[in-house]
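Accompanying notes for the structure given below.
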Amino acid sequence: MRNRTGAARIHALAGVMVLVAAAGVARGETGLVFEAGHPSLQHWLLPERPPYPEDNEPTPERVALGKMLFFDPRLSSDGNMSCASCHNPMFGWSDGLPTARGHKSMVLGRASPTVINTAYNTIQMWDGRKKDLEDQAIGPMEASVEMNTDFDRLFRFLNNNQGYSEAFARAYPGEGINKRTLAKAIASYERTIISNDSPFDRWIRGDASAMTEQQVRGFRIFVDPDKGNCAICHSAPNFTDNGFHNLGLASDGGESADPGRYAIKPVKILKGAFKTPTLRDVALTAPYFHDGSARTLMEVVEHYVKGGVVRERVSPNIRPLNLTAREKQDLVAFMEALTTRHEPVTLPELPLR
Amino acid sequence: MHAIVKLSGAAVAALLLAGTAMAAEYEVGQKNKAFTVKELTVKVGDTVHFTNQDDFFHNVFSLSDLKTFDLGSYPKGEFKSVTFDKAGKVEVECAIHPSMMMTINVEE
Ligand SMILES: [Cu+2]
């Protein structure tokens, strides 16, 4: 019986090998041709419009209302903190801080991620505890360490405010002013904060002059399994696999370390694992990592070259890299090619009464 | 004496009949960040091999009431196996990629 099982296993693996040989190349990151506009690279282009839930198509009314709410500090208990306090367009929709500052300037445990392209995420937050933008939006208001919102007071304010009550009625006729419509409006606005027209995108679409030779070299290193091997996690098209990995940051290890995803899913390999962030517009969002421990993109690259610092539970996909000084610079130059030149952000006029 | 039965067009799961043995073996791949089958029905005592076919590590775990297991993480070409000893429904996931999910129905 045992022998038979063994034979069956070998047979099974042989079958798999054939499958891999037949269909493996098409989707993997090998077999790519590094020429501007080449068909083998088109999977790096984002869909023109991000997906949205059936009951929340981002109409202009919804986006306009969401924008007011996103920038309105009156959503917080002290009337001084909006979503944009920590997701500030002047800092690439992050805050320029190592980790966020919350209610009464309390230092929080994790960095503010950018909201750019979160519309394409299939899971939200560093630890993935929220599933989509609607699900996420009320969280910072409910958190006592963040906006610490008094919802009774907030809904009284929004209902009594003519500008807001009209805007809600236009955006969500018959749905009222409540946590659900608040979240839906904010999510609709976030779905317009998109980076999909960077030099990299233009190069992928066929403009050979959009990226420098150095940036093209950096792209090769980024996807090459024997070089950077970055694309296995920062995968097409949004430079994320929506997955969770432990990078062996210096802050990991020991009892007091941030458990990351493990707090949500108690599976061993998730200890100290965090969500792969997008790299689109990444040049605008320093400092880096969930603990803000890397000040520059070069420091990030140096971290990967070392293969992590605390290796106790680091992802097996993180290992020391063999990159020359020039190759490291190429990688950084490539990441700098991921910045879209955005239209200036115009601030909404908030309804006073 | 072993037959590989394709359960779907893409040759995603193979049913390996170990001769006249009562317990069967199945193979489920992990490919392009998905399990190769969304659902699989097996009998009590059957074994499922989970094979990584991607260029990066995957994990296999279940926190189902019926059966809890964590196969750790392993690279392309390797597989790990679970024998299902009670009837019921088991949700199988990959901890690294939360969108990877499948269900195994274990029948008497
Ligand atoms: Cu996986």
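The values are calculated or read from the model by the stated rules, or taken from the named source; none is laboratory data. Keep in mind that what you see is a predicted model, and the values were worked out from it rather than measured. Quick note on the areas: whole protein, heavy atoms, side chains included, nothing else; ligands and nucleic acids left out. Shrake-Rupley method; radii C 1.70, N 1.55, O 1.52, S 1.80 Å.
Below, the figures for the structure above:
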read-out: Orientation-averaged projected area, Cα convex hull of segment A:224-306 (nm²); value: 6.0 nm²
read-out: Centre separation in Å (Cα based) which lies between segment B:70-108 and segment A:117-170; value: 36 Å
read-out: Size of the B/A contact, given as accessible area buried on both chains, probe 1.4 Å, in Å²; value: 2700 Å²
read-out: Calculated [θ] (222 nm, deg cm²/dmol) that DSSP helices of n ≥ 4 give over chain A, each run adding -39,500 (n - 2.57); value: -10500 deg cm²/dmol
read-out: Cα long-axis angle, helix A:2-27 against chain A (0 to 90 degrees, to the nearest 10); value: 70 degrees
read-out: Space enclosed by the convex hull of the alpha-carbon atoms of the protein assembly as shown, per residue, Å³; value: 165 Å³
read-out: Listed residue pairs exceeding 20 Å between alpha carbons, taken from A:K271/B:K31; A:K67/A:K179; A:K275/B:K33; A:K130/A:K184; A:K104/A:K131; value: A:K271/B:K31; A:K104/A:K131
read-out: Segment A:299-353-segment A:177-213 distance, computed between alpha-carbon centres (Å); value: 17 Å
read-out: Threshold 40 Å², segment A:308-335 residues less accessible with all protein chains present than alone (1.4 Å probe); value: A:P316, A:N317
read-out: Segment A:60-190 - percent relative contact order, Cα under 8 Å, separation 6 or more; value: 33 percent
read-out: Tilt relative to chain A, helix A:60-71 - C-alpha long axis, 0 to 90 degrees, to 10; value: 90 degrees
read-out: Reduced Cα scattering model of segment B:9-107, Debye log10 I(q)/I(0), q = 0.12, 0.13, 0.24 Å⁻¹; value: -0.34, -0.40, -1.36
read-out: Debye equation applied to the C-alpha atoms of segment A:43-132, log10 I(q)/I(0) at 0.10, 0.12, 0.24 Å⁻¹; value: -0.32, -0.46, -1.41
read-out: Mean Cα-pair separation over length for segment B:9-107, i.e. relative contact order, pairs under 8 Å, 6 or more apart, %; value: 27 percent
read-out: Per residue accessible area of chain A, 1.4 Å probe, in Å²; value: 48 Å²
read-out: Carbon + sulfur, % of accessible area of chain A - ligands and nucleic acids excluded, 1.4 Å; value: 53 percent
read-out: For segment A:266-271, Karplus couplings with θ = phi - 60° (6.51, -1.76, 1.60), whole Hz, Gly/Pro x; value: x, 10, 3, 5, 8, 5
